[in-house]
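> Pasting a structure here, questions to come.
Here, each number is a calculation from the coordinates, and none is a lab measurement. Since we're looking at a predicted model, the values are computed, not measured. Using ideal geometry, Cβ is built from the backbone for each residue, glycine included, and neighbour counts are taken over all protein chains shown.
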2 protein chains.
Amino acid sequence: MLQLSKFPIKTLKSAPKVSDNRSTSLLLQAGFIRQEMAGAYNYLPFGLKVLRKIESIVREEMNSLGAQEILMPALGSKEHWEQTGRWDKVDVLFKLPASTGKEYALNPTHEELVTPLLGEFIQSYKDLEFGVYQIQNKFRNEKRAKSGLLRGREFLMKDLYSFHKSEETLLVYYEEVKASYKRVFDRLGLGNDTYETIAGGGDFTTLNSHEYQTILGIGEDNIYICNECNTSHNEEVVDSSIGFVCFKCKSKNHRIEKASEVGNIFPLMTKFTDSFDVKYTDSDGKAKEVYMGCYGIGISRLVGVIAEYFMDEKGLVWPEHIAPATHYIIVMGDNLDKAITLSKKLEADGKEVIIDDREKVGFGQKASDADLLGIPYRIVLSDKTLEAGGYELKSRLSDETQIIAL
Amino acid sequence: MLQLSKFPIKTLKSAPKVSDNRSTSLLLQAGFIRQEMAGAYNYLPFGLKVLRKIESIVREEMNSLGAQEILMPALGSKEHWEQTGRWDKVDVLFKLPASTGKEYALNPTHEELVTPLLGEFIQSYKDLEFGVYQIQNKFRNEKRAKSGLLRGREFLMKDLYSFHKSEETLLVYYEEVKASYKRVFDRLGLGNDTYETIAGGGDFTTLNSHEYQTILGIGEDNIYICNECNTSHNEEVVDSSIGFVCFKCKSKNHRIEKASEVGNIFPLMTKFTDSFDVKYTDSDGKAKEVYMGCYGIGISRLVGVIAEYFMDEKGLVWPEHIAPATHYIIVMGDNLDKAITLSKKLEADGKEVIIDDREKVGFGQKASDADLLGIPYRIVLSDKTLEAGGYELKSRLSDETQIIAL
């Protein structure tokens, strides 16, 4: 349990003005995050808890896929980036001058590292197929960073890379990842409004890639959703001369929504294994190309997207398994001991508790902080509720209260 | 459980030659790590497990201290570093040019961030005292990086910062951290050879700082240990003109040992709170200075130190609660089902299991890989052990085997 009387972070009396979205204001006001510089944020304890819970859900689903977790560095060697020709091509690549006279990359993505790293272990068809992932900080040299967690210069991502014997088996795995991503966004509470979206394949495949786009007023992308079959398309794949035609059912009937990209999956084919000369010897003795896929989820961006998606007029609203705590106990009067006992009971049941035992803070302030923080359940423990028979329980999303015996 | 038949990483037939230490060779041979560039490493699954387990032990002890976990970015604003005068003073500070025309710091330490970050919440004596910590990647622009995990350009640290009303209460907390660090190094198995070591205080306090030095042949530091009272001193505090005199008991009788610094604690006093003008109003209405301490533990360095400290002629040796797995089951013949059943039984008991079910790999190779990886317990499950009554159990550090019924 966490007692606010001993907790260093305080909420702000009013929401700081932030130009482009309200959830950032709320995350600041509630003391979840603080900006270090445009595009780089400090996570205070409640913000970090949300980040870690999203991370855990993603990790569980990656492990369910059978992928192995690894951790690659933020620093990358220039040689690796030159080997793929991307040292000078990726405009958001931070280049770090070192006292050795060398330059290092500050990796915005890790194909340049993971391909030689795992390629070392690929000799024969018996060494394939597999997936590895990491949950790791990435950097982008953005000209303009959005305020908040939606577009940062430093951000946390999950990136999964898979290695395959053929395009066919890559595409089988690709579908498994789609199913896994659906579970992730369902568990995060975004399932209903997160669309697997057809996007361009870049310059090294004729296949499409897919983005996961969550409908959001402040989203940076426009997605075209077919009204007949619900297939979603990124603006970039819509033919501007003939207008929208659904890739799946050919209908022209569609709606356009603003959305924020929370994930993307990409059939890399042999682009990177070719660059690093990663091949395998098949059972027929022939050297063959290794096919790769890459699959990202923006973990820190999801903190911002989930905040923006669920917030209401009173403040933040977190789904129970992502919230910094499940219960917020407002203690009034001389009832801290009872609150601690109740809190231990809840914790034994797997719940997480914030006890608001601040002195000289009135009920109104405590209640509005409980709402602002977005904790799913609010408990009031006061002489009055005890007289009424116990403690008062209220859900964040309802005004109904009930008295429950201690 | 992890089945090696499906695991992408393989051990190397022989240990790669690495100039300055053998544990790095073993970590490479066993497939725990791979170098991306000098001073920046990839953690493969087993290496990452060790890293995370060390991290968990440190986190538990920080939480026991009552410190709150936060997460600060790797990028720091130049303004913050200029405000303390360290932008041009810290020679290992990486300076990152951005497309905005600005420069950012790639933080080697976080006083420049944590002081204004938490300073915001300090107004009155009621807001003090507290500690916050993070487990986060740091960067040092080293001219020369050591091979392995002992001195990197990118490395994982735990850094705790505490904020106090006075020097007296800072020093009380400082002693609590010492007790906490003792528990950390005891739990990591390094307690017997890790010395709290008196070191210099730098230019902003007349007090000493303290390092935690683990005796190690490849250590970069020399520590002077008093033979009378066991007090350890960094070379830098030994007066070169008069020779060693114990700071505690004044004895001159001492030994000198090579050691590696795994932690340090530092009474920062008001150096940083002064720079950022963080003051508090005391109960007497007067504005007073805020005292700070900072306390580091090198998490990724500890992977290297523990590897070097415990290794033997057969390979790595990990303490049970740090090892990538507790049990390594060698399956020979048609006994995989039995191994999986046994493995589930062990896992239900809180153990972690690697099953070596690789086909066409002989017993000798499997046994030497079990030793190389340093897994505490080796189990053999073969027709022969089944005939003898069950499976064979052997500790990594003993040659004695016993047969245990399934």
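> For segment B:32-125, just the Cα set please: Rg and Dmax, both in angstrom.
According to the Cα coordinates of segment B:32-125, Rg and Dmax are 17.2, 50 Å.
> Extent of chain B along each principal axis, from alpha carbon coordinates, in Å, largest to smallest?
81, 57, 42
> Which three numbers, in whole Å and largest first, are the semi-axes of the equivalent ellipsoid of segment B:291-341 derived from its Cα gyration tensor as √(5λ)?
They are 37, 15, 6 Å, listed largest first.
> Which one of A:Leu75, A:Phe7, A:Gly148 has its Cα pushed farthest toward the positive end of the charge dipole of chain A, where Lys and Arg give +1 and Asp and Glu give -1 at the Cβ?
In chain A, that residue is A:Phe7.
> Using a Gaussian network for chain B with springs between C-alpha atoms less than 10 Å apart, which of these wobbles most: B:His210, B:His164, B:His254?
Taking springs between Cα atoms under 10 Å, the residue moving most is B:His254.
> Across segment B:173-187, in residue order, what do the Karplus-derived ³J(HN,Hα) couplings come to in whole Hz, using 6.51 cos²θ - 1.76 cosθ + 1.60 with θ = phi - 60° and x for Gly and Pro?
Using θ = phi - 60°, the values come out as 4, 4, 5, 5, 5, 4, 5, 5, 5, 4, 5, 4, 6, 4, 5 Hz.
> For the protein assembly as shown, give the share of DSSP beta bridges that are antiparallel, in percent and rounded to the nearest 5; count only bridges with both residues there.
Around 80 percent antiparallel, to the nearest 5.
> If you filter segment A:216-287 for trypsin sites (Lys or Arg not before Pro), then keep DSSP loop positions with at most 11 other Cβ within 10 Å, what is left?
A:Lys250, A:Lys286
> Rounded, prolate or oblate: which fits segment B:56-173, taking a ≥ b ≥ c as square roots of the Cα gyration tensor eigenvalues, rounded meaning a/c under 1.5, else prolate when a/b beats b/c?
It comes out oblate by the Cα gyration axes.
> Could you work out the local net charge near A:Ala67, counting Lys and Arg as +1, Asp and Glu as -1, over the other residues with Cβ closer than 13 Å to its Cβ?
Charge balance near A:Ala67 sits at -3.
> Given B:Leu393, A:Val114, A:His321, which one lies farthest toward the positive end of the charge dipole of the protein assembly as shown, if we put +1 on the Cβ of every Lys and Arg and -1 on the Cβ of every Asp and Glu?
Of the options given, the answer is A:Val114.
> Projecting each Cα onto the charge dipole of the protein assembly as shown (Lys/Arg +1, Asp/Glu -1 at the beta carbon, about the Cα centre), which of A:Phe363, B:Gly202, A:Gln402 comes out farthest on the positive side?
B:Gly202
> Can you tell me how segment A:158-284 classifies by the Cα gyration tensor, rounded, prolate or oblate, using a/c under 1.5 as the rounded cut?
Because a/c hits 1.5 or more and a/b exceeds b/c, segment A:158-284 counts as prolate.
> Once the label point is set 7 Å along the Cα-to-beta-carbon vector, what list of distances in nm do you get between B:Lys288 and its counterparts in the other copies?
Those label-point separations list as 7.4 nm.
> Only four residue types carry charge here, +1 at the Cβ of Lys and Arg and -1 at the Cβ of Asp and Glu. Report the dipole size of segment B:127-175 about the Cα centre in Debye, rounded to the nearest 20.
Computed about the Cα centre, the dipole is about 720 debye.
> Please report how far the C-alpha centroid of segment A:194-253 lies from that of segment B:149-202, rounded to the nearest whole angstrom.
Here the two parts' Cα centres lie 53 Å apart.
> Can you list the cysteines of the protein assembly as shown that have no other Cys Cβ under 4.7 Å away?
Unpaired cysteines in the protein assembly as shown: A:Cys294, B:Cys294.
> Averaged over its residues, how many other protein chain Cβ atoms are within 10 Å of peptide B:42-48's Cβ atoms?
6
> With bins 10 Å wide starting at 0, give me the P(r) of segment A:1-41 over every alpha carbon pair, in whole percents.
Bins of 10 Å from zero give 27, 49, 20, 4 percent of pairs.
> May I pose another question? Per the helix-only calculation at 222 nm, which mean residue ellipticity applies to chain A, given -39500 (n - 2.57) for every DSSP H run of n ≥ 4 and division by its residues, nearest 500 deg cm²/dmol?
Rounded to the nearest 500, the figure is -8000 deg cm²/dmol.
> Let me know the mean shielding of A:136-142 by other chains, meaning the per-residue number of their Cβ atoms within 10 Å of its Cβ.
Counting other chains' Cβ atoms within 10 Å and averaging over A:136-142 gives 3.
> Collect residues whose amide H, placed 1.01 Å from N in the peptide plane, falls under 5 Å from the amide H of B:Glu154; neighbours closer than 5 in sequence don't count.
Those qualifying (amide H under 5 Å, at least 5 residues apart or on another chain) are B:Arg140.
> State to the nearest 20 debye the size of the charge dipole of the protein assembly as shown about its Cα centre, where the only charges are +1 on K and R beta carbons and -1 on D and E beta carbons.
Dipole magnitude for the protein assembly as shown comes out near 320 debye.
> Run the dipole for segment A:32-310 about the Cα centre, Lys and Arg Cβ at +1, Asp and Glu Cβ at -1, nothing else charged, and hand back the magnitude in debye, nearest 20.
It comes to approximately 840 debye.
> State whether segment B:216-341 is rounded, prolate or oblate according to the following rule on the C-alpha gyration tensor (a ≥ b ≥ c being the square roots of its eigenvalues): a/c under 1.5 gives rounded; otherwise a/b larger than b/c gives prolate, and the remaining case gives oblate.
Since a/c reaches 1.5 but b/c is at least a/b, the shape of segment B:216-341 is classed as oblate.
> Multiply the residue separation of A:Val245 and A:Asp193 by 0.36 nm, subtract the distance between their alpha-carbon atoms, and state the gained length in nm to one decimal.
Here the segment from A:Val245 to A:Asp193 would lengthen by 16.6 nm.
> May I ask which of B:Lys182/B:Lys250; B:Lys6/B:Lys366; A:Lys314/A:Lys394; A:Lys10/A:Lys49; A:Lys13/A:Lys314 have a Cα-Cα span longer than 18 Å here?
B:Lys182/B:Lys250
> How large is the direction-averaged shadow of the alpha-carbon convex hull of the protein assembly as shown, in nm²?
In nm², the orientation-averaged hull projection of the protein assembly as shown is 40.0.
> Taking the Cβ-Cβ separation of B:Glu313 and B:Lys344 as r and a Förster radius of 22 Å, what is the calculated FRET efficiency to the nearest 0.05?
0.05
> Specify the inter-centroid distance of segment A:9-29 and segment A:345-384, based on alpha-carbon positions, in whole Å.
Spelled out, the Cα-based centre of one part sits 21 Å from the other.
> Between A:Leu12 and A:Lys78, what is the label-point separation in nm under the 7 Å Cα-to-beta-carbon projection?
4.1 nm
> Follow-up. Show me the trypsin sites (Lys or Arg not before Pro) within segment A:113-157 that DSSP assigns to loop and that have at most 16 other Cβ atoms within 10 Å of their Cβ.
Within segment A:113-157, the qualifying trypsin sites (Lys or Arg not before Pro) (loop, at most 16 other Cβ atoms within 10 Å) are A:Lys143, A:Arg144.
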